[in-house]
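Colleague: I am attaching a structure below and will ask some questions about it afterwards.
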Amino acid sequence: MLRTEPALETTLSRRHVLTGGIALAVFGIAAPACSSPPPAPPAVDELEAQLSLAQRDSELARAAAVGAPQQVGMALTEVAAERTQHAQALTTEIARLAVSPTSTSAQTTTPTTTNAAAPPPPPPLADVVRSLKASADSAGDLASTSSGYRAGLLGSIAAACTASYSVALASGATAS
């Protein structure tokens, strides 16, 4: 009679399965954390550029509201207020990043001498619309490369600028 060799019995106990599962979980979490580089710090310069655009748009819309018809003037005043709110939100985000104090977020005014010359004429509505389009494009491009709160902030700024020039100021632009 031929003798068969004893078969190797492979038994898995619950203890072995749990130990293996825990080891896989620990290595599964630790391996990506050790191998991925830390995220790059956000660039404050890009936000400062958006802050400058918001301040410029606000000033331009306020100046254009002076010589505009009543309804267009009201729309321009609202656009100026929205862009001022955008500037405040961007200032808050720049301060939150706390990379370094910026000169644009803490602007100082220098005393100017007043001349008897007449003030410059208000800018045409087309200049305000052109500036808002440029701001919307810039904020939209930056939002597509950002993430999290920053992407949402920039996306909402782009949407507000687009709505301002395409809806709120559209009737005034066709009347001009």
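Colleague: Which members of the stretch 60-73 meet the condition of being in contact with a helix residue (DSSP H, G or I) (Cβ under 8 Å, 6 or more places away or on another chain) and in a helix (DSSP H, G or I)?
Modeller: Result: 60, 61, 62, 64, 65, 66, 71, 72, 73.
Colleague: Need pairs with beta-carbon distance below 8 Å; first residue without any contact (Cβ under 8 Å) to a residue 24 or more places away in the chain and buried (at least 18 other Cβ atoms within 10 Å of the Cβ) and within the stretch 50-69, second of a type outside the set (S, T, N, Q) and part of a helix (DSSP H, G or I); sequence gap 6+ or separate chains.
Modeller: Final answer for the pair search is 62/76; 62/80.
Colleague: Is it true that residue 135 is modelled with pLDDT of 90 or more and polar (S, T, N, Q)?
Modeller: Numbers: modelled with pLDDT of 90 or more: yes; polar (S, T, N, Q): yes.
Spelling it out, residue 135 is indeed modelled with pLDDT of 90 or more and polar (S, T, N, Q).
Colleague: What about residue 171, is it among the hydroxyl-bearing types (Ser, Thr, Tyr), modelled with pLDDT under 90 and either farther than 16 Å from residue 57 by Cα or assigned to a loop (DSSP other than H, G, I, E, B) (or both)?
Modeller: Working: among the hydroxyl-bearing types (Ser, Thr, Tyr): yes; modelled with pLDDT under 90: yes; either farther than 16 Å from residue 57 by Cα or assigned to a loop (DSSP other than H, G, I, E, B) (or both): yes.
It is true that residue 171 is among the hydroxyl-bearing types (Ser, Thr, Tyr), modelled with pLDDT under 90 and either farther than 16 Å from residue 57 by Cα or assigned to a loop (DSSP other than H, G, I, E, B) (or both).
Colleague: Scan the stretch 143-173 for residues that are touching a His at 6+ places or on another chain (Cβ under 9 Å) and under 21 Å from residue 45 (Cβ atoms) and jot them down. Give the steps one after another, and end with the answer.
Modeller: Within the stretch 143-173, the subset touching a His at 6+ places or on another chain (Cβ under 9 Å) is 153, 156-157, 160-161.
Matches in the stretch 143-173: 153, 156, 157, 161.
Colleague: Okay, moving on. Considering the stretch 18-50 alone, what residues qualify as being at pLDDT below 70 and either touching a Phe, Trp or Tyr at 6+ places or on another chain (Cβ under 9 Å) or in a helix (DSSP H, G or I) (or both)? Spell out how you get there, then give the answer.
Modeller: Initial filter on the stretch 18-50 (at pLDDT below 70): 30-42.
Those that are at pLDDT below 70 and either touching a Phe, Trp or Tyr at 6+ places or on another chain (Cβ under 9 Å) or in a helix (DSSP H, G or I) (or both): 30, 31, 32, 33, 34, 35.
Colleague: Kindly establish whether residue 104 is modelled with pLDDT under 95, surrounded by 12 or more Cβ atoms within 10 Å (Cβ to Cβ), in contact with a helix residue (DSSP H, G or I) (Cβ under 8 Å, 6 or more places away or on another chain) and of a type in the set (S, T, N, Q). Break it down stepwise before answering.
Modeller: Numbers: modelled with pLDDT under 95: yes; surrounded by 12 or more Cβ atoms within 10 Å (Cβ to Cβ): yes; in contact with a helix residue (DSSP H, G or I) (Cβ under 8 Å, 6 or more places away or on another chain): yes; of a type in the set (S, T, N, Q): yes.
So residue 104 fits the description; yes.
Colleague: Can you tell me which residue within the stretch 146-168, out of those that are at pLDDT 90 or above and β-branched (Val, Ile, Thr), is farthest from residue 50 (Cα to Cα)?
Modeller: Step by step, filter the stretch 146-168, then rank; the result is 162.
Colleague: Give the number of residues within the stretch 147-176 that are in contact (Cβ under 8 Å) with a residue 12 or more places away in the chain and hydroxyl-bearing (Ser, Thr, Tyr).
Modeller: So the count comes out to 6.
Colleague: Follow-up question, since we're still on this one. From the set of residues in the stretch 74-83 that are in contact (Cβ under 8 Å) with a residue 24 or more places away in the chain and farther than 13 Å from residue 135 by Cβ, which is surrounded by the most Cβ atoms within 10 Å (Cβ to Cβ)? Walk me through it before giving the result.
Modeller: Initial filter on the stretch 74-83 (in contact (Cβ under 8 Å) with a residue 24 or more places away in the chain): 75-76, 78-79, 82-83.
Now restrict to residues that are farther than 13 Å from residue 135 by Cβ: 75-76, 78.
Values: 75: 23, 76: 26, 78: 15.
The selected residue is 76.
Colleague: Right, next: May I ask you to list the residues in the stretch 142-167 that are loosely packed, with under 13 Cβ neighbours inside 10 Å and under 12 Å from the mean Cα position of the chain (by Cα)? Explain how you work it out, then say what you get.
Modeller: So in the stretch 142-167, the residues loosely packed, with under 13 Cβ neighbours inside 10 Å come out as 144-145, 147-149, 152, 167.
Scanning the stretch 142-167 gives 144, 145, 147, 148, 149, 152.
Colleague: Continuing with this model, one more query. Scanning the stretch 84-100 for residues that are touching a helix residue (DSSP H, G or I) at 6+ places or on another chain (Cβ under 9 Å), among the β-branched types (Val, Ile, Thr) and at pLDDT 90 or above, which turns out surrounded by the fewest Cβ atoms within 10 Å (Cβ to Cβ)?
Modeller: Per the criteria, the residue is 84.
The values are calculated or read from the model by the stated rules, or taken from the named source; none is laboratory data. Just so it is clear, the model here is predicted, and its values are computed rather than measured. Using ideal geometry, Cβ is built from the backbone for each residue, glycine included, and neighbour counts are taken over all protein chains shown.
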